[in-house]
Ligand code: SF4
Ligand code: SF4
C-alpha cells in the first residue's frame, strides 16, 4: 500500500505564502474538496497546549489555522475550531496564541472541548475513554499538529495531537492509568487516532520546537508544511525530516511493534518537494527519558531513579502551584513554610511516586522544570551516542 504524504517548503507565515503552499500541498492529495463536502460540519483541531505567543512555537500558528478555515469554507464546510488545553481556560489560551482572533475574524464557531462523553474502544488498551462531545458529533475532523519534541513520548505530531480530544483533567487519569509504561500510553494514543481518524492532518513544521518540548523547548526554523490522511504516515515523514530515530518516538515504535501501517518510508508515496530538501541534522531531540531496551516493568520500577530521567525544579519557579495541581499521582507538594526561601525549594517531588509523565514540565508556565537523567541512563546514552544536546 502506498499511503500518500505531501510536502511543501514554507519559510514564514506570510498569509499569501501560506495560502499558496497549502494549495500546492493539497493538490496532489485531491484538493480540499476530496475531504470536505458542502454542508458538512468540520472540526478543526489545532495544537492549543498553552497560552503562549505564536513565536514560542508551542501552538499551531494562527495563520495556518486561518488559511485552513478559509479553505474548508471554500469547500462549503461549516467550521468549528476546538481543543482542550493542558492548562488554562480554552478561550484565554486561544486568545493568547492568536487563534481566537482568527476564529472571530473568519466568523466560525469556537468549540472549546468541555463536555466529555464516555466511549468504549472494543478490544482497546483503555476499554473506556471519555472524549469531547464535539469530536463525536462532527462529520469530519481536520487535525492541525505542530512538529515538536515531547519529553515523555519523544515527539508530538499528528497522532499525539489527537490526545487533545480527551477533555481537561481526564488526561491526567489516563497518564495515571498508564503509569511508567510508555508503550501502553503510546498504544492508547494510536487507538484514539484510529477511532477518531481525521480525514486530513496538516502539520505546521514551518517553525517547530526542539529540546525541552512540548511546552518549554526552543523554536527552530524547519521551513515545511506536511499533509496526509494517515497520521502515522505523516509522523513517519516528519520524524525522518528532523532525524528522530524511530526507537525514540514511542508512537512510531509501538505502531511498528503492533504491525500498523505507515511506519516505513517505503510504504509511503511522497508528493511535492523532495523529503531530502527538507531534512535537517541540526534538530535537537528531547533528553532521552529512560532506558528502553525491554526491561520488565518490575525491574524498571526497582531501578527507576537510575534508568530514567526525572523532573527537577529550577530557580525560575514562581510557586504558582500549577504543576502540583496537575501531577497525576500527586507526587508534588507546595510547601507553604518555604515562602521566604528559594522558590525551587518550595516545590517538592516524591520521586518514588513520580511516574515520569512530565506533565509538570509540559504545563509549567515559567519553564521552570528541567530533566535530570539517572546515572545508568546517562551511561547508556553515552555508549549508544544518543543525541540530547
Ligand atoms: S515549577 Fe512551574 S508550575 Fe510548578 S510551581 Fe514552579 S512555576 Fe509553577
Ligand atoms: S512529578 Fe511531574 S513527571 Fe512526576 S508524576 Fe508528577 S507530573 Fe509526572
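The values are calculated or read from the model by the stated rules, or taken from the named source; none is laboratory data. As the structure is a prediction and not an experimental result, all values here were calculated from the model. When we count neighbours, we look across all protein chains shown, and the Cβ atoms used for this are built from the backbone with ideal geometry, even at glycine.
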Report task. Go through region 277-300 and count every residue that is out of contact with any helix residue (DSSP H, G or I) (no Cβ under 6 Å at 6 or more places or on another chain) and either within 16 Å of ligand 1 (Cβ to nearest atom) or farther than 23 Å from residue 218 by Cα (or both). Result -> 9
Query raised in the report: Does residue 135 satisfy the criteria of being in the same structural domain as residue 79 (by TED's automatic domain parsing) and within 19 Å of the chain's Cα centre (by Cα)?
Result: yes
Query raised in the report: Has region 301-323 got any residue that is out of contact with any strand residue (DSSP E or B) (no Cβ under 8 Å at 6 or more places or on another chain), in a helix (DSSP H, G or I) and within 16 Å of ligand 1 (Cβ to nearest atom)?
Result: yes
Requested in this report: Say whether the condition of being modelled with pLDDT of 90 or more, away from ligand 1 (no atom under 14 Å from the Cβ) and under 14 Å from residue 371 (Cβ atoms) is met by at least one residue in region 341-353.
Outcome: yes
Query raised in the report: Would you pick out the residues in region 101-115 that are surrounded by 16 or more Cβ atoms within 10 Å (Cβ to Cβ) and under 20 Å from the mean Cα position of the chain (by Cα)?
Result: 111, 112, 113
**Report entry** Test for residue 302: is it surrounded by fewer than 19 Cβ atoms within 10 Å (Cβ to Cβ), at pLDDT below 85 and over 18 Å from residue 178 (Cβ atoms)
**Finding:** yes
Report task. Considering each residue of region 324-340, count those that are part of a loop (DSSP other than H, G, I, E, B) and at pLDDT below 90, and give that number. Result -> 3
Requested in this report: Considering each residue of region 305-321, count those that are out of contact with any helix residue (DSSP H, G or I) (no Cβ under 6 Å at 6 or more places or on another chain), at pLDDT 90 or above and within 11 Å of ligand 2 (Cβ to nearest atom), and give that number.
Outcome: 2
Query raised in the report: Do the conditions hold for residue 91, that is, is it touching a residue at least 24 places away in the same chain (Cβ under 8 Å), within 29 Å of residue 359 (Cβ to Cβ) and in the same structural domain as residue 223 (by TED's automatic domain parsing)?
Result: no
